Amino acid sequence: MNTTSPRRRFLQMSAAVATSAFPILGANDKVQLGIVGLGGRGNDHMNFYGKLDGESRMVAVCDVNQAARERAVARIQKEKNYAPKEYADMRKLFESKEVDAVSLPLPNHWHALSAIWACQAGKDVYVEKPASHNCHESRKMVEAARKYGRMVQVGSQSRSIGHKMKAVQLLREGVIGQIYHVRGLCYRRRFSIGHSPDEPVPAGLDWELFLGPAQMKPYSKNKFAYNWHWFWDTGNGDIGNQGVHEMDIALWGLGRTAWPNSVQSSGGKFVWKDDQETPNTLHTVFDFGDAEMTFDTRNLPTPPEGMAPRTQPNYVGNIFFGDQGYMTLDGGGFAVYKSTMPNVSGDAARGAGAGGRDRFEKVMEEKGTGEDTIPHMKNFLDAVKSRDYKSLRAEIAIGARSAAFCHLGNVSYRVGRSLKMNTSTGRFLADDEANSLLTRDYRAPYVVPDNV
């Protein structure tokens with residue numbers, strides 16, 4: 001007798017059909033790639049995949065900007081001696097039977113819908129961070145990956161960097177004892193974007209398609225290219241840009257799987273008088289009950305953190321605090337400092353602490369190797385061949401959760417208050433305004449559906 005529920009049987013059959021409808025690659029086959037989004041990060045993707053010639057071949061490129069497409073085709077033809085097919089609309093690229101997998105270095109507001117469309121078309125997906133533009137999208141991306149049996153890797157490349165993997169493993173093994181606090185630090189110096197007027201859409205740019213899920217607005221230079229990060233319709237501020245990398249590491253090291261009891265953000269856009277909508281200073285506190293995570297995002301000049309000897313001005317990294325010491329972890333490496341004070345209680349503790357204070361001794365340090373995105377993309381290509389989504393180091397369930405924590409911080413900032421949470425569902429308690437910001441007002445037909 002088959003005791004599997006009808007819903008589970010349906011999902012298993014859907015995944016099997018989705019997988020069997022497309023060829024299974026052998027270990028020595030090259031993954032046929034389509035790259036969608038050919039701006040600054042898109043050029044990085046072409047560079048990285050170009051160094052993985054034995055694993056992949058860039059057979060298609062897509063962008064809403066004709067000039068970007070032409071540059072990409074010319075570059076690949078010059079460097080690889082073959083010309084990829086060119087697409088203006090990603091949906092046409094997703095239909096191609098020549099494409100096995102897609103890489104999506106797109107603006108944040110396009111991440112979820114493009115990944116879901118690709119999964120529905122039977123393509124495996126490498127999608128840049130943050131995985132999603134809002135929490136609703138995070139959930140739907142995971143559902144789509146499971147339903148269609150797709151490999152979906154998020155561009156949180158710290159998960160494939162050797163010294164960061166080792167550091168988190170040491171935290172798991174108790175190198176600093178019980179972790180009670182994590183500080184995520186995103187002190188990324190930036191500058192005002194000024195003002196740019198609305199103007200006619202440049203020739204060759206499909207502005208309507210660029211906006212996609214976002215509401216229609218007039219074109220201006222500040223709403224396009226890199227500065228889309230600083231508008232709520234298309235970006236998530238720096239907590240969802242550089243910050244999501246540190247958020248991912250903070251959650252990884254902390255090791256909590258539930259949602260926090262509460263989230264509270266404060267900050268603002270200080271000093272600058274410009275078009276930017278998102279804050280340039282943000283302080284967020286996540287309360288887990290038995291531990292706390294704080295996250296600081298700042299684009300203005302910031303001095304070194306006094307308690308962390310590794311830190312520098314405008315520092316980006318994480319500090320983990322345990323009952324036996326602390327660890328600093330960043331792109332340059334990690335260091336472990338242990339307390340020299342006995343870990344005792346009662347009268348002994350009072351005696352040890354009388355007239356003194358904790359001193360910390362550096363007991364371990366490891367420098368980074370400089371390896372970055374290429375090992376992460378190699379991990380993705382390996383999973384495309386093995387069909388084992390659990391082998392992905394930043395599988396969509398991981399990346400979507402890290403993105404969601406950035407979104408929670410932004411929601412608290414936007415409503416201007418501390419928010420209590422249902423630790424099982426990830427929704428806010430008795431706060432319709434805050435819950436409405438867990439999704440967005442989509443512009444048809446670019447809608448992330450409830451049923452993917």
Net lengthening on full extension, K92/V271 (0.36 nm per residue, minus Cα-Cα): 60.0 nm
Run the dipole for segment 52-176 about the Cα centre, Lys and Arg Cβ at +1, Asp and Glu Cβ at -1, nothing else charged, and hand back the magnitude in debye, nearest 20. 220
What lysines could a cross-link reach from K97, if we take a straight Cα to Cα line under 19 Å and drop same-chain neighbours fewer than 8 places away? K30, K85, K123, K385
What list do you get for K78, K269 if you sort them by fewest beta carbons within 10 Å? K78, K269
Could you tell me how many degrees, from 0 to 90 and to the nearest 10, lie between the Cα long axis of helix 396-415 and the main elongation axis, the longest principal axis, of the Cα atoms of the chain? 70
Starting at the first residue of segment 165-174, write each ³J(HN,Hα) from the Karplus equation 6.51 cos²θ - 1.76 cosθ + 1.60 with θ = phi - 60°, in whole Hz, x for Gly and Pro. 4, 5, 4, 5, 4, 4, 4, 4, 7, x
What is the sum of charges around E199, taking Lys and Arg as +1, Asp and Glu as -1, for the other residues whose C-beta is under 15 Å from the C-beta of E199? +1
In segment 39-158, with Lys and Arg counted as +1 and Asp and Glu as -1 at Cβ, which of these residues, P107, N81, N65, has the Cα nearest the positive end of the dipole, that is, farthest along it? P107
Put in order of increasing Cβ neighbours within 10 Å, starting from the fewest, F295, F231 give F231, F295
Computed over the chain, the relative contact order (Cα-Cα under 8 Å, seq sep at least six) in percent reads 20
Rounded if a/c is under 1.5, else prolate if a/b beats b/c, else oblate: with a ≥ b ≥ c from the C-alpha gyration tensor eigenvalues square-rooted, which is segment 185-258? prolate
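Laboratory data are not the source of any read-out in this text; all were calculated from the coordinates shown. Quantities reported herein were computed from a predicted structural model and do not represent experimental measurements. So basically every Cβ, Gly included, is an ideal-geometry build from the backbone, and we count neighbours across all protein chains shown.
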